[in-house]
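Peer 1: Take a look at this one; I'll ask things after.
Nothing in this text is a laboratory measurement; each read-out follows from the coordinates by a stated rule. Predicted model only: the values in this text are computed from it and were never measured. Methodologically, a virtual Cβ is constructed for each residue, glycine included, from the backbone with ideal geometry; neighbour enumeration extends over all protein chains shown.
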Amino acid sequence: MKVASFLENIKFNPDKPALSLLLDTHFSKEIRIVFKKGQVMEDHQAPFAIIVHVIKGIIDFGVNNEVLKLNEGDILSLKPQEIHNLLAIEDSIVRLTLSKTDSVKRVKKVIE
């Protein structure tokens with residue numbers, strides 16, 4: 001059994017979203033992305049399906065030429081290769097669930 005908290009030891013990065021791998025399980029990778037208000041993840045895509053869950057805050061989530069306002073508690077899934085972006089409307093904590101075969105390094109490159 002593994003235990004982690006999305007709400008403990010929060011560290012905002014003033015320049016870009018802060019990423020932490022919280023769990024690496026036999027079937028998924030659970031990542032916390034902490035955004036200061038106004039921080040962005042530009043257009044990108046994942047090679048596998050993903051799940052995005054707003055733990056705290058509000059995110060504008062752009063996908064398919066549409067912007068969805070994701071509020072605290074909202075969760076969505078995306079198919080592989082769907083181009084998307086994120087903009088923090090306020091300080092936010094986002095849970096990103098990746099396939100076990102996906103790479104945390106790939107997500108870090110999006111943030112850089």
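Peer 1: Within the set of other residues whose C-beta is less than 12 Å from the C-beta of residue 63, count the net charge using Lys and Arg as +1 and Asp and Glu as -1.
Peer 2: Values: positive: 79; negative: 43, 60, 66, 82.
The answer is -3.
Peer 1: Still on this structure, please answer the following. What label, among (i) 14.6; (ii) 15.4; (iii) 14.0, belongs to Kirkwood radius over Cα pairs in Å computed from the structure on display?
Peer 2: Here the calculated entry is (iii).
Peer 1: Okay, next question. Taking the Cα centre of the chain as origin, work out the dipole magnitude from +1 charges on Lys and Arg Cβ and -1 charges on Asp and Glu Cβ, in debye rounded to 20.
Peer 2: Values: 16 positive and 15 negative charges, 84 e Å.
Using only the charged Cβ atoms, the result is roughly 400 debye.
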